[in-house]
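Asks: What follows is a structure written as structure tokens; I'll ask about it next.
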Amino acid sequence: MKKASGKRVITEDVVKYVAGLSRLSLGEKETVKFCGQLSDILGYIDQLQEVDTSETMPTIHALPSMKNVFREDEIKEGLPADEALKNAPSRNGKLFTVPRVV
């Protein structure tokens, strides 16, 4: 990432590096396109950093009338393993088996 005239700019090398980490293959046009888009996003974030929020109260919700409704924690009996596994397509004893991902 470079800083050009106070603006952060994503380089093609950074886009290619992140694409490689994500196992994505990008063409030259896509790489250039994403450089511009990501640089624009960082520029917008820089604009947000300049906003004075010192007088703004922290909020959880956008609407002050909203609040979380929590239930009391209750200890309950869990689902028996046989019941949980009865519809499993594949299992090994009391374990689900799934295809390897990596």
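Asks: For residues that are in a loop (DSSP other than H, G, I, E, B) and either surrounded by 10 or more Cβ atoms within 10 Å (Cβ to Cβ) or among the small types (Gly, Ala, Ser) (or both), scanning just the stretch 23-45, find the one that is farthest from the chain's Cα centre (by Cα).
Replies: 27
Asks: Take the residues of the stretch 87-102 that are closer than 30 Å to residue 22 by Cβ and part of a loop (DSSP other than H, G, I, E, B): which is modelled with the lowest pLDDT?
Replies: Of everything passing the filter in the stretch 87-102, 102 is modelled with the lowest pLDDT.
Asks: In addition: Going through the stretch 69-93 one residue at a time, which ones are among the basic types (Lys, Arg) and surrounded by 10 or more Cβ atoms within 10 Å (Cβ to Cβ)?
Replies: Within the stretch 69-93, just 91 meets the criteria.
Asks: Got a sec? Which of 32, 15 is modelled with pLDDT of 90 or more and touching a Cys at 6+ places or on another chain (Cβ under 6 Å)? Please lay out each step first, then the result.
Replies: On the way: 32 fails: touching a Cys at 6+ places or on another chain (Cβ under 6 Å).
None of the other options fit; the residue is 15.
Asks: Hey, can you tell me all the residues within the stretch 46-68 that are part of a helix (DSSP H, G or I) and surrounded by fewer than 10 Cβ atoms within 10 Å (Cβ to Cβ)?
Replies: Result: 47, 48, 49.
Asks: In the stretch 69-86, how many are among the small types (Gly, Ala, Ser), in a helix (DSSP H, G or I) and free of Cβ contacts under 8 Å to residues at least 12 places away in the same chain?
Replies: Initially, the stretch 69-86 is screened for residues among the small types (Gly, Ala, Ser), giving 78, 81, 84.
Add one more test, that the residue is in a helix (DSSP H, G or I), and what stays is 81, 84.
Right, trim to free of Cβ contacts under 8 Å to residues at least 12 places away in the same chain and you get 84.
So the answer is 1.
The values are calculated or read from the model by the stated rules, or taken from the named source; none is laboratory data. Quantities reported herein were computed from a predicted structural model and do not represent experimental measurements. Please note: Cβ atoms are built from the backbone with ideal geometry, for glycine as well, and neighbour counts cover all protein chains shown.
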